[in-house]
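One structure is given here, and the rest of the page talks about it.
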Amino acid sequence: MPLRRLYVLVLVAFAVIFTAASSWMAFSVTDRALEDELDDKLQVTAGVAAETGLDATNLLHLGRGDEENFFWREAYDRLRSLVDRGYVDAAWIIRRESPASPGEGTVPGGGGAIDQPYTAIVSTESADSVPIIGTDVFIFSAYDLSSLWENGSATSTAFEGRDGRSYKYGFARLEESDDEYDVALAVLMPADYLDPLARLQRSVLLASAITVMLSVLVAIGLAARSAKPLERLSRVALRIQRGRITRSVEVEAGVEIGRLSRAMERMRLGIIQRDEQLRLMLAQVAHEIRNPLGGLKLFSAIAADSADPQERAQLFRKIQAEVDALNSIITDLLVYARPRAPQPTLHDIRGPLREAAELVATELESRGGSLEVDLPDAQLEVVADSGQVKRMVLNLLRNAAEAGDRVWLKGAFSNGEVIVSVRDNGPGVPESLRGRIFQPFVTSKERGAGLGLAIVAGVARAHDGRVELVSGDGAAGNGAEFRLYLPGSEVFPVARSEANGL
């Protein structure tokens, strides 16, 4: 699914769910509060009316035809006044047989009603010519009025009347009764709260629809703002993948998108740099390999035509030297292209230093040069790969031996680091190369791929160390000095070799 469509879908789904949940909660809370308020009003109205002079004792003894009795007429007038004043829409005084009377039971679905319906004593719903007393009032049999007889008051659930309006009944028990009958006042009141609740429901639905529409518009806007830069960056990535990397990546607005675009620009520049290095490497490798191959071809041709054994032996030694040079170039390329991960161990670095020095000292002495080694009596312990340390120092020593005829090797411990110094008396490093001396394929020598110092720098970084050129301004006789820094062992007693610091 496209990001823009997913963005819109998620925001709209969230808006719909949130709006529906909040609307349902608001509607439910309002409905419950309004219904509770109406129930309280019904109970208060019925209770007040029941306590204002309604005599249950006198009403219980009335029978059919007693509608003109003084007590009945007085009770009727009181109920009628409730209706005329608009407090209620209708009112009844009803009675039921005592719970102890036989024949009591429950009507299925009636929730506690009795088999025999409630009978009316007084009602505002019948004409004067129609007998009221003893008339069955079936409408109350469907409600659970247990709380009426236990607690003195009750309300019914809301129902829809013939006029389409919603109503509720309220009941209040008349305290005066005999052993056979319970008497209560029942009033009918419109459930007017349902009308504003319905209007509230319509308003909530309208607001929800508007919210959803607004969320769609906002989601589309946000998705366009977020997705379009991503689409542009996606096209840039495809362009870079296809090799068209000369055009720079434009910085996008926004924190995250801007950071991503800047990272892609750095990636593009890195690819250009690596391509440039690759082209330089290929040209340098071709050049360096061509020289030994040319020598091999020349010497082998001369050796084939020569009949002098001594001359042929000399030519074969030259061929062997060219093969060694070619092998050295290939070895440096492999080490640089596929560096081996170091396997550090705790050891005294003086051992690898002496081994490297012995190999170079023999070469120097054969040319009349010398190599001086200055190592402390105390151990120089580091956590490093012994073989790789030896290779780094050997590269530095051989570079120094090729530059001059005197080489100095020194090791010391200072400020928590083991420092290995290699110095020569050669011409030094030209000023034009000092800033690039540790880059691959950079060299001032006539032969060699220029990878030795690049390999030393890479291996030093893999050991959390570094190598730097500290002298060698190119003046004749001043030479060059390289220092290799390796982290010392944390358990090494620093005080015993601080005196040997450089």
Task: Amide proton proximity set for residue 135, modelled H, under 5 Å, gap of 5+ - done: 120
Task: Near-label residues of the stretch 302-335 by backbone N, under 12 Å of a point 7 Å along Cα→Cβ of residue 289 - done: 326-327, 329-331, 333-334
Task: Hz values of 3J(HN,Hα) by residue in the stretch 269-278 - Karplus curve (6.51, -1.76, 1.60), Gly and Pro given as x - done: 5, x, 5, 4, 5, 5, 4, 5, 5, 5
- [ ] Enumerate the amide H contacts of residue 471 below 5 Å, restricted to partners 5 or more residues apart or on another chain; note that Pro and chain-start residues carry no placed amide H.
- [x] 481
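Read the figures in this text as sums done on the coordinates, not as results from a lab. Small disclaimer: the values here were computed from a predicted structure and weren't measured. As a convention, Cβ positions derive from the backbone with ideal geometry for all residues, glycine included, and neighbour counts pool all protein chains shown.
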